[in-house]
Amino acid sequence: MTYNHRLPIVADRLMLIGDAAGLINPLNGEGIQYALLSARWAAETVAPCLRDGDLSAQALAPFAARVECELGYEMALAQLMVQFITNRALTPVWLQSLKIINARARRDADYARIAAGIFAGLIPARDALSFKIVLGTIDEAIRSLAVQALSTTVAGPRGWARLSIDVAQVGFQLAYNAAANPSGFAEWMRGTMTYALELASRAARDGMQAGRASALSCRGKSCTDR
């Protein structure tokens with residue numbers, strides 16, 4: 001089970017860390033880095049609690065808040081990516097995406113370091129949305145589409161027919177899955193929308209917090225300047 005912010009990870013005299021708290025990387029199933037991070041945060045939280053003799057859930061709550069603040073967005077993003085991957089009808093799309101990522105990584109060492117780090121769980125999943133990765137992937141996708149369009153044009157009608165069939169197969173497979181297993185497809189759609197909305201709400205909340213922090217910083221500078 002992966003992290004679910006709706007489930008408590010602290011209670012009176014109790015703190016869950018690592019796998020027990022669901023802190024597992026959805027992309028690769030690893031959790032060592034999250035175990036070490038959460039253990040450090042737990043130690044930082046519990047030290048003053050032990051000194052004060054207060055191990056209530058309220059006193060330990062800052063640990064849960066730290067986990068949510070540091071890992072909530074990253075977990076939501078990784079879970080959304082995995083949710084898309086679980087739909088086998090989209091397998092051709094993901095395989096093509098991996099080919100594009102691989103091609104870019106061969107030509108760009110920094111891109112390769114970040115992409116490999118994300119899949120290995122050594123770099124936060126949110127770095128997949130960094131300008132380096134997004135722009136690099138878009139640039140490589142454009143190159144790939146240009147090459148594919150050229151080869152399709154050279155191949156003539158057969159090439160265009162093959163491309164149309166590939167695109168139609170994805171749509172047909174999605175429609176077939178929906179008809180063959182309506183409840184399963186509905187559950188996949190529900191999960192996808194849930195993760196997408198959760199990710200959007202986290203992004204909006206983080207943006208608002210960053211905006212408030214920036215405003216406070218500017219206000220502090222103004223006061224200092226005066």
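The values are calculated or read from the model by the stated rules, or taken from the named source; none is laboratory data. Bear in mind the structure is a predicted one, so any value in this text is a computation, not a measurement. Cβ atoms come from the backbone with ideal geometry, glycine included; neighbour counts cover every protein chain shown.
Brief remarks follow.
- Tabulated pairs, region 3-30, first in contact (Cβ under 8 Å) with a residue 12 or more places away in the chain, second surrounded by fewer than 19 Cβ atoms within 10 Å (Cβ to Cβ) and among the charged types (D, E, K, R), C-beta under 7 angstrom, 6+ apart or interchain: H5/E68
- Among the residues making up region 59-89, those that are of a type in the set (F, W, Y) and more than 10 Å from the chain's Cα centre (by Cα) are F63, F84.
- The set of residues in region 70-103 being over 30 Å from W41 (Cα atoms), buried (at least 18 other Cβ atoms within 10 Å of the Cβ) and at pLDDT 80 or above consists of I100, I101.
- In region 26-53, residue farthest from C69 (Cα to Cα) [restricted to those that are of a type in the set (G, A, S) and touching a Leu at 6+ places or on another chain (Cβ under 8 Å)]: G31
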